[in-house]
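Single-structure report; data block below.
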Amino acid sequence: MNAGLNSISSASSAAPLVFIICLRGWRRGPRTRFFFLGSIFLLSAGNLFADGTNAVAAPELLPGAGVSFLRVMGSLALVLGLFLGGVWLYKNWQRLAIQRGHAPKLNVLETRPLGARQALFVVAYEQQRFLVATSPAGVNLLSHLPDAETASAEAGEKSAAPMPFAQALQQVLKGK
């Protein structure tokens, strides 16, 4: 700050010296007069704008550390929320399509793994059901299963009349 004040005071003390040189050079010709008048103008302009250029700028008000931390955490929560919402939407897209009335015609109803690379699938297409096996050799159709409507009707009839324990035990023993 003192350096700025020293430059202002030296410029203002140099102004009379420049003025004297300009008066002496006035007799030499129009070019010299123009040069000296320009230098006087520049020195006086420097003194006029010195207060604006040498003034210390007020420090900008920065938000506190707590506010900055909350803004960063809020932004992070927003980004993570958008990401997790996108993942959920990707995984549940088919369920949302079913709720809108666009039920898929082909569904895998049940899966049972049999070994490292073998599995059984119950696959439904509209009202038909199939038992399908997969292995390293390929996919094989094992059998046609009863339609979904008839299977649910048969299950309803069986559950309507519960069997006593003794009869159930005899059927299991006969089956072996």
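Here are a few things to note about the model shown:
- Residue match in segment 116-134 (condition: modelled with pLDDT under 85 and among the basic types (Lys, Arg)): no
- Scope segment 58-103; condition among the aromatic types (Phe, Trp, Tyr) and at pLDDT below 90; matching residues: TYR90, TRP93
The values are calculated or read from the model by the stated rules, or taken from the named source; none is laboratory data. Every value quoted in this text rests on a predicted model; they were computed, and no experiment measured them.
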